[in-house]
1. Taking the residues in region 46-55 that are open to solvent by 30 Å² or more (accessible area, probe 1.4 Å) and touching a residue at least 24 places away in the same chain (Cβ under 8 Å) as candidates, determine which candidate is farthest from L97 (Cα to Cα).
2. I need the full set of residues from region 129-152 which are more than 13 Å from the ligand (Cβ to nearest atom) and in a helix (DSSP H, G or I), in order please.
3. Go through the residues of region 102-111 one by one and say whether even a single one is within 13 Å of the ligand (Cβ to nearest atom) and open to solvent by less than 10 Å² (accessible area, probe 1.4 Å).
4. Mind checking which pairs have a first residue in region 1-29 that is at pLDDT 95 or above and a second that is among the aromatic types (F, W, Y) and within 16 Å of the ligand (Cβ to nearest atom), Cβ under 8 Å, 6 or more apart or different chains?
5. Can you find, within region 36-45, the residue that is most open to solvent (accessible area, probe 1.4 Å) among those that are under 13 Å from F13 (Cβ atoms) and without any contact (Cβ under 8 Å) to a residue 40 or more places away in the chain?
6. For residues that are acidic (D, E) and closer than 20 Å to T177 by Cβ, scanning just region 1-51, find the one that is farthest from the ligand (Cβ to nearest atom).
7. I'd like the full set of residues that are of a type in the set (D, E) and near the ligand (Cβ under 8 Å from one of its atoms), limited to region 162-189.
8. From T118, T192, T159, which residue is within 16 Å of the ligand (Cβ to nearest atom), closer than 25 Å to D70 by Cβ, among the β-branched types (V, I, T) and buried (at least 16 other Cβ atoms within 10 Å of the Cβ)?
Amino acid sequence: MIGHAVVTGGAGFLGSHVCERLLAQGAAVTCMDNFLTGSPRNVAHLLGEPGFRLTECDLTGFVHVTGGVDLVLHMASAASPVDYLRLPIETLKVGGLGTLHALGLAREKNARFVLASTSEVYGDPLRHPQREDYWGNVNPVGPRSVYDEAKRYAEALTTAYRVSRGVNTGIVRIFNTYGPRMRPDDGRAIPTFICQALMGRPLTVAGDGGQTRSICYVDDTVAGILAMARDDFAGPVNIGNPEEMSVLDLAMTIRDLAESESPITFVERPADDPAVRRPDTALARDRLGWLPTVPSKDGLRRTIDWFARELDVRAADGAI
Ligand code: NAD
């Protein structure tokens, strides 16, 4: 039973959905965020809910929460390449110091701790699909290392707190997740393609578009994270949708679903961009009883509808 959960990074894309789901399940939620890449707007609709508290706080500094806490879900970190390349030191600091402080909070409160890690710990993988026992292929001095290595270090910290301090920790390795409340300009492929399709602009596919991604709708990812929160398993556990598609197929699917006539153009592929990505989800299924259930076309349709409304609001505000 989760009475009170602390969600770090709760005003971000994924964190806001986690806060929403926890509240709907009857938990009180303290959302801690410094709004570096998230926004109070993402949780504005929760502010009137009994049990919801929004605290502006930088996890790399002093962290304090009053009262008992059953769960610390550590989701604070820039997550999109555009953000972490712009904020390299901040990303390393929240992965290191931020994780240390979130773990300290869980230890002080005797709470379950779950780290939102990432499929990026596998880097440009040499094994496919990726199972949790694969150690990864990360370039420690490449441009993406600020994120990948921060998360690898955060996993090491989490494991050390479990082994040497007795904290009830768990690690989820989240694969590409999409859905409402992603930022139109966050640089990730899905919001970029959707906005380009809706605005009638060319869809910019990196490289020849043959690289693959496995995309998971946000409701499924949140269910996986919360299944891990309710378990006492250490993990790591992959949470993602094994349905794999090429980036070019993804662009064409989005263009069709958005009923857009935008052309597709090809742009330079970023350094260290992974060639393939697909989770092996057997462990999540067997241990947590979790499986993704939303087919990509349904999830993409819901996301396109949300972006269409969001772009209208922004246009009315003169923001675009
Ligand atoms: P996001 O950028 O929307 O959310 C991250 C949140 O963390 C933001 O609200 C940001 O303001 C906050 N934050 C950053 N630094 C902070 C600090 N020092 N103190 C307090 N708050 C801070 O990103 P997201 O996509 O919602 O990702 C959430 C988490 O899930 C991240 O830890 C990310 O690594 C992980 N993850 C996400 C995905 C995905 O596909 N979205 C995939 C793998 C892992």
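The values are calculated or read from the model by the stated rules, or taken from the named source; none is laboratory data. These figures come from a predicted structure and were not determined experimentally. Neighbour counts run over all protein chains shown; Cβ positions are idealised from the backbone, glycine included. Only protein heavy atoms, including side chains, enter the accessible area calculation; ligands, DNA and RNA are left aside. Shrake-Rupley method; radii C 1.70, N 1.55, O 1.52, S 1.80 Å.
1. Among them, the one singled out is E49.
2. Passing the criteria: only S145.
3. yes
4. A11/F35; C19/F52; L23/F52; A28/F52; V29/F52
5. Taking the candidates together, the pick is R41.
6. For region 1-51, the residue satisfying everything is E20.
7. Scanning region 162-189 gives a single hit, D186.
8. T118 is the lone residue from the list that is within 16 Å of the ligand (Cβ to nearest atom), closer than 25 Å to D70 by Cβ, among the β-branched types (V, I, T) and buried (at least 16 other Cβ atoms within 10 Å of the Cβ).
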